[in-house]
Amino acid sequence: MDSRLSPSLRAAERNIRVASLCGLVVIAMVGMSYAAVPLYRIFCQVTGYDGTTQRASAAPRTVLGREMTIEFDANTAPGLPWTFAPAQRRLTVRLGEQAMAHYRAVNNAGNRVTGTAVFNVTPALAGRYFTKIQCFCFTEQTLEPGQTADMPVVFFVDPKIAEDKDLASLATITLSYTFYPLPPDKVSGGRAVSAPDTVN
C-alpha cells in the first residue's frame, strides 16, 4: 500500500479488498453446495461412514439360517412436491439371501419435477454389511405431473455380520431414503425407473 495515499483512500482500498475476499468466499460456498451430494457419495462409499451401504453385482452363495428384519423409511426434503413411501414397511430375510423391496413416488405438482435420493442404514455399524445390488439412489428421477414411479431396491445382508461381536444381538436394520429436489438447470435428463398407474 502506498504510504503517500491519504487515510480515506487507504481505507477505501482496504474495503475493496475485504469486499473482494467476501465475494470469493460466497462463490466458494455456492460451488461447494452444488458439489455436496457427489462429494458425500464418494466419501461415504469409500469409508462406509454413517451407515452407508456397500455395493455388489450379486448375492453371495452362502445363506445362513439367522434372520434379519429390514425396515424401510422414506422422507422428502422441503421443496420437493412428491409423496414418497415404501411399498412395504418391513421384510424378514436370511443372511446372504437376495431380496427386493420397492419404494413409490408420486409427483403432486402440475409440472415435471426431478429429484435425487440419498440413503443410509441404522444402526450405522450395519452399513458395512448391508449390500445393494440394484438401487435408485444418487441418480436423477424425473416424474411428469401426476406420475407415479415404482423404484426397486435389490439387496442382501452380508453373512459376515454373524462374525461381528458388536452386532451379535442385532435383529433389525432400517434402510432410509431421503429425496431432494434438483433445480431445473442442474437436471441432465434423468428418468423414472418405472411408472405404474396406481400406488397399491
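Assorted remarks:
- Exposure of residue 21 as accessible area (Å², to 10), given a probe of 1.4 Å and all protein chains: 110
- Peptides 86-94, 131-139 ordered by average Cβ neighbours within 10 Å, highest first: 131-139, 86-94
- With R₀ set to 45 Å, the beta-carbon distance separating residue 67 from residue 187 gives a calculated FRET efficiency near 0.65.
- Across the options 126, 108, 79, the greatest Cα extent toward the positive end of the charge dipole of the range 76-143 (unit charges at beta carbon of Lys, Arg, Asp, Glu) belongs to 126.
- For residue 147, distant residues with modelled amide H under 5 Å away: 107
- Per-peptide average of other Cβ atoms within 10 Å, ordering 107-117, 153-163, 72-82, 55-65 highest first: 153-163, 107-117, 72-82, 55-65
The values are calculated or read from the model by the stated rules, or taken from the named source; none is laboratory data. Note that the structure is a prediction, hence the values are computed from the model and not measured. No Cβ is skipped: glycine too gets one built from the backbone with ideal geometry, and neighbour counts run over all protein chains shown. These area figures cover heavy atoms from the full protein model, side chains too; ligands, DNA and RNA do not enter into them. Shrake-Rupley method; radii C 1.70, N 1.55, O 1.52, S 1.80 Å.
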